Amino acid sequence: MDAISKEVERVAAKVPTLYASGSSSSSSSASSSAKKSSKAKAASPSGSSSTAAVSESLDSLLSSLETMRSTIASDQSPPSAPVVAAETKALIAKSQKAIADRQKDVYNALSKLGKAYDKKFPTPVDGIADPALFMGAQAQEALEAVVLDHMLRMGEWQAAGELAKESSQSLPPSDVYRQLDSISQAIEAGNLQPAIAWAESNRAFLSRRSSTFEFALHRSQFIRLATGQASPSTAPASAGNGTAMALDPDGENVPSSSSGYATPSSMSPVEGAIQYGRTHMRSHVGDHLAEIQALFSFALFLPYIFRDDPDADAASHITHLAHLRDLVPPNYHHFLDPIQVHAPYLVPLFQVDFCAINKLAREAPLKTAVEVGTGGALMKIMKVRQVMKQRGNEWSQANELPVRPNSSRLATLLFPAKG
């Protein structure tokens, strides 16, 4: 309410300039503003202040015109017609500008007051949706189901169980939500093994979707190994297909060692990354050969320090991305940006594919509904509805849309396909 009070005071200070001080309102703020205006005008040497009331400006103009008429009517050398026309035009323009300025100030103050009221008292949403949709047992069950789904998505297992018990709803199988939560947390913690195992077990589905998730996981692991953020011992010992072939940087298949890795203590970060890439990126050559070649080239610019080096632990610059950016060419800098290759990029990609294979909505329904109501979308819908009503083409049926939608795109967004 403080904002509204300030705007009311501004309006009260501007309104007296439209009227003479004797006809101002009885409110204390208006009368005090009129007194301040009259004092300022009295102190002005020209006798015509910029805060003069509209009526005073008109009276001054009328008085000047009468004086000019008397001068012309007198017998004492009246001024020429061009001079009289010029003076009259200047007087009228001056008064017109003064009146327009006063009106503009008042209109601006009223506009700000209206906006302050709109912010404090939002427009009701009556007519946007049928209130009956949110009443009754069916609506209550739907609301509880949406809240329950949101709790399971957020990993609030205990709260979800209590809600299901109190609302007499059957708790859906939580294995899917637990897997979604556990793999997402593992990716954020830098442990990519659960996600890689999931991607390999669902490779056929991801391939039908043309998903890059599995390759993105191996790319992230490659970069983590090459920059010393992970150890070769934390990576899988063999490829998912169990082959004994490895991948050379030029895309050719070469024989790999029997174990797939050398002893971790005898490998440098770069050696571990190259060995990992040869073992795990073979199946992605057809779709990502250029990216794989860039990864192997990127690794060649990194420091070559062995893990059994006594100074390896002190060489913290190996994992310092700011230092590594100075060692590699600019076209490889995106490999050192965590937002583009690590958890911030991988988690949303995983959640999209996971929700698709399990026929879940990509975004939590409750989150989407809240964002529509609080993010400005609802107010835009109301504005469009009001404009259409004024133009006489408002919606007459619930199944009408103001534009022709892309039915295939809409169906894909609402009902993600399984395969």
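The values are calculated or read from the model by the stated rules, or taken from the named source; none is laboratory data. In this text the structure is predicted, and so the values were computed from the model without any measurement. All Cβ positions, glycine included, derive from the backbone under ideal geometry; neighbour counts span all protein chains shown. Heads up: the accessible areas ignore ligands, DNA and RNA and are worked out on the full protein's heavy atoms, side chains in. Shrake-Rupley method; radii C 1.70, N 1.55, O 1.52, S 1.80 Å.
Would you kindly state how much longer the chain becomes between Lys104 and Ile381 on full extension, computed as 0.36 nm times their sequence separation minus their alpha carbon distance, in nm to one decimal? Working shown, then result.
Details: separation 277, 0.36 × 277 = 99.72 nm, distance 3.13 nm.
Full extension from Lys104 to Ile381 adds 96.6 nm.
Using heavy-atom solvent-accessible surface (probe 1.4 Å) with all chains present, what is the largest-first order of Asp353, Asp130?
Accessible-area ranking of Asp353, Asp130, largest first: Asp130, Asp353.
Work through the residues other than His333 whose Cβ is under 13 Å from its Cβ and net out their charges, Lys, Arg +1 and Asp, Glu -1. The partial results should precede the final answer.
Working: positive: Arg325; negative: Asp326, Asp337.
With Lys, Arg at +1 and Asp, Glu at -1, the net is -1.
Skip the ligands, DNA and RNA, and give the accessible area per residue of segment 98-207 with a 1.4 Å probe, whole Å².
On the way: 6940 Å² over 110 residues.
On a per-residue basis, segment 98-207 sits at 63 Å².
Starting from the Cα-Cα distance between Asp337 and Val146, subtract it from 0.36 nm times their residue separation and give me the gain in nm to one decimal. Provide the component values of the computation, followed by the final result.
Details: separation 191, 0.36 × 191 = 68.76 nm, distance 3.65 nm.
Value of the extension gain: 65.1 nm.
Return the sequence-ordered ³J(HN,Hα) values of segment 163-174 in whole Hz as given by the Karplus equation 6.51 cos²θ - 1.76 cosθ + 1.60 applied to θ = phi - 60°, using x for Gly and Pro.
Once θ is set to phi - 60°, the couplings for segment 163-174 become 5, 4, 5, 6, 8, 6, 9, 7, 6, x, x, 8 Hz.
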